[in-house]
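Data block below; observations after.
Quick note: the coordinates plus some simple rules give every number you see, no bench work behind them. All figures in this text were calculated on a predicted structure; none of them were measured in a lab. Glycine also receives a Cβ, built like all others from the backbone with ideal geometry; neighbour counts cover every protein chain displayed.
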2 protein chains.
Amino acid sequence: MIKRGKKRARTDRADLHAVLDAGLICHLGVLVDGSPRVIPTGYGRIGETLYLHGSTGAASLRAAYASPVCVTVTHLDGVVLARSAFHHSVNYRSAMIYGFAREVEDDGERLDGLRAITEQLAPGQWDVVRPPSGKELAATAVLALSLEEASVKIRQGPPSDDEEDYALPLWAGVLPLRSTWGAPEPDPRLAPGVPVPEHVLRRPNAVRD
Amino acid sequence: MIKRGKKRARTDRADLHAVLDAGLICHLGVLVDGSPRVIPTGYGRIGETLYLHGSTGAASLRAAYASPVCVTVTHLDGVVLARSAFHHSVNYRSAMIYGFAREVEDDGERLDGLRAITEQLAPGQWDVVRPPSGKELAATAVLALSLEEASVKIRQGPPSDDEEDYALPLWAGVLPLRSTWGAPEPDPRLAPGVPVPEHVLRRPNAVRD
């Protein structure tokens, strides 16, 4: 399990926002018949509120209304290779938010939430694509979760070996992990002559930094 | 929420093993006072058993003995840019395992589990680093979770737009996401003259493939 000493806990709101804003998907924990389920899903943030969405028919989403939830966003930044098996670790940034989600019923807030979710994954798209139809909106549930109950954990830097192990003739250090965007792959059914838009081409290469 | 039609559910054991074996960390869902907590952590697989570990003092680990757990491993392969906001999605491979974990008490299985967890994150390290001491082993709990209750979901390929939207003069396609290893960063306290070992240097560049 990732070791999480007190030194790794952060309470700064800027840290929380930064970890969330740098992510693409979260892992949503819900209760289904009293058992946890952990589901990868999109999210978006507006101020101190996290938005999630899903099909109104999804069991996991119904579960998210009725019981407490937990949302975790994790960036894995590298593998920490220590001189002992015990001190192997990872460099990471992780935010955990928990509490009860509310179903968003106001149409304006629903659209704002959906926009935030879409823009988190695909910035610049919301304003150029076909907006949700009434039928699509009716089939989509939007959930809001306050960021009030949240924690951030960050581990960076070289291994923390036992003092007596530093003399061992072993290599130790960090193998950094980076996420990068590849070249856009056009839909085979793309209408003729449609160029890749600037906001897709210009998307920053590194998503974790 | 990631849409998960039936076409995306796989039951093939080879798919399950492939998704797990390609991962570095999982998100572990446990119950703490009746609420879900989702924790990023390492894992390893031996056959049809998943191993997790943690400090014997960690509350999340104690929770994992006493109640059902869920482990999810997700690979995010790309962002799917559609012609409509509604059909934006992600390409991903995800495995979910759930059930009750058992505490591993046999010393041989505990070491095998810890080896699998270390090798998942840092292949080749277990045999060269200082092995766990008796004190370290005593401070480490090892959990085993059967892969019996598991599901795999995979989405790949271009967007699935509404038929009438294909004529829109909008770009659509996939923006692929890749994880790559950076150059190894030596520990500032590295003993003089210790080279980067071959198994670290030769680690395949792409971890998601």
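What the table shows:
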quantity	calculated
Peptide-level mean, for A:89-102, of C-beta atoms on other protein chains within 10 Å	2
Cβ neighbours within 10 Å from other chains - mean over A:185-197	6
With Cα atoms, 0 to 90° folded angle of helix A:107-121 axis to chain A main axis	40 degrees
Förster radius 35 Å - calculated FRET efficiency between B:Ala66 and A:Asp12, Cβ distance, rounded to 0.05	0.60
Which of A:Arg83, B:Arg13 has the fewest Cβ neighbours within 10 Å, and the rest in rising order	B:Arg13, A:Arg83
For chain A, built as a Gaussian network whose Cα springs stay under 10 Å, the top-fluctuating residue of A:Gly47, A:Gly78, A:Gly182	A:Gly182
FRET efficiency for A:Glu48 and A:Val128, using Cβ-Cβ distance with R0 set to 45 Å, rounded to 0.05	0.95
Amide H contacts under 5 Å for A:Ser133, placed H, 5+ residues apart	none
Amide H contacts of B:Thr140 (H built 1.01 Å from N, under 5 Å, at least 5 apart or other chain)	B:Thr56
Ascending count of other beta-carbon atoms within 10 Å, so fewest first, for B:Leu121, A:Leu81, B:Leu190	B:Leu190, B:Leu121, A:Leu81
Other-chain or far-sequence residues with amide H under 5 Å of A:His88's (modelled H)	A:Ala82
Average other protein chain Cβ within 10 Å of Cβ, residues B:127-135	5
